[in-house]
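In what follows, a structure is listed as structure tokens, so that the remarks can point back to it.
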Amino acid sequence: MVDFAQRTIDLARQNVAEGGRPFATVIVKDGEILAESANKVAQTNDPTAHAEILAIREACTKLGTEHLVGTTIYVLAHPCPMCLGSLYYCSPDEVVFLTTRDAYEPHYVDDRKYFELATFYEEFAKDWRHRRLPMRYQPRATAVDVYRFWQERNGGQRTATVAPPG
Ligand SMILES: [Zn+2]
């Protein structure tokens, strides 16, 4: 039996040794590794190349589904808001994190123009008018027509996808 937590730590350590950032994700299904990735932001300059995102993409491509029901996802640290959102979208049975953001903060910081590690979750909870990320609502009545069009093309239903029972 593979120690999936240890595999996650080993992947992240290896990534750091290769000049990458200290994060990794391992996705497990039926007792086996379905997909895994380290964070590849430093290697690719893609700010969305977090370990969770890359591993979820690989797992969903392999399974041919956008639902990861029936999987357990191991992450080195509690996920950032972007990855937390992606975890909600793919519906795994469980997410296992091996350290907290508070625990790694003395050793690793990745603050940006509009957030610090400690304020990122609070930013999301704010009304859009009060976020530090400048956002502007530019209403167009025809924008919602795109959704009407989708509904028409899909037999009048409005549910895009239903997660299979896991
Ligand atoms: Zn992330």
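Each reported figure results from applying straightforward, stated rules to the coordinates on display, with no laboratory input. Remember, it's a predicted structure, so these values are computed and weren't measured experimentally. Neighbour counts run over all protein chains shown; Cβ positions are idealised from the backbone, glycine included.
Excluding Glu152 itself, what net charge comes from residues whose Cβ is under 12 Å from its Cβ, given Lys and Arg +1 and Asp and Glu -1?
Details: positive: Arg148, Arg153, Arg158; negative: Asp145.
Around Glu152, the charge tally is +2.
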Tilt relative to the chain, helix 81-90 - C-alpha long axis, 0 to 90 degrees, to 10: 70
Sequence order, segment 141-147: Karplus ³J(HN,Hα) from phi using 6.51 cos²θ - 1.76 cosθ + 1.60, θ = phi - 60°, Hz rounded, Gly and Pro as x, gives 4, 6, 5, 6, 4, 4, 6
Quick one: 3J(HN,Hα) in Hz for segment 45-59, Karplus 6.51/-1.76/1.60 with θ = phi - 60°, rounded, Gly and Pro as x. 6, 9, x, 9, 7, 6, 4, 4, 4, 5, 5, 5, 4, 5, 5
Go ahead and estimate [θ] at 222 nm for the chain from helices alone: -39,500 (n - 2.57) per DSSP H run with n ≥ 4, summed, over the residue count, rounded to 500. -11000 deg cm²/dmol
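Among 74-87, 96-109, 37-50, how do they line up by average Cβ neighbours within 10 Å per residue, starting with the highest? Show your work: numbers first, answer last.
Details: 74-87: 19.6, 96-109: 12.3, 37-50: 17.1.
With the highest mean Cβ count within 10 Å placed first, the list reads 74-87, 37-50, 96-109.
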Whole-Hz ³J(HN,Hα) for each residue in segment 111-125, computed from phi via Karplus 6.51 cos²θ - 1.76 cosθ + 1.60 with θ = phi - 60°, x for glycine and proline: what do you get? 6, 10, 4, 10, 7, 10, 3, 6, 10, 4, 5, 5, 4, 5, 6
Long-range HN-HN contacts of Val96 with modeled amide H, under 5 Å: Ile73, Tyr74, Val75
Order the peptides 141-148, 66-73, 117-124 from the highest to the lowest mean number of other Cβ atoms within 10 Å of their residues. 66-73, 117-124, 141-148
Whole-angstrom gap from segment 71-85 to segment 110-166, using each part's C-alpha centre: 19
Given a cut-off of under 8 Å on Cα pairs at least six residues apart, what relative contact order in percent is computed for segment 4-108? 24
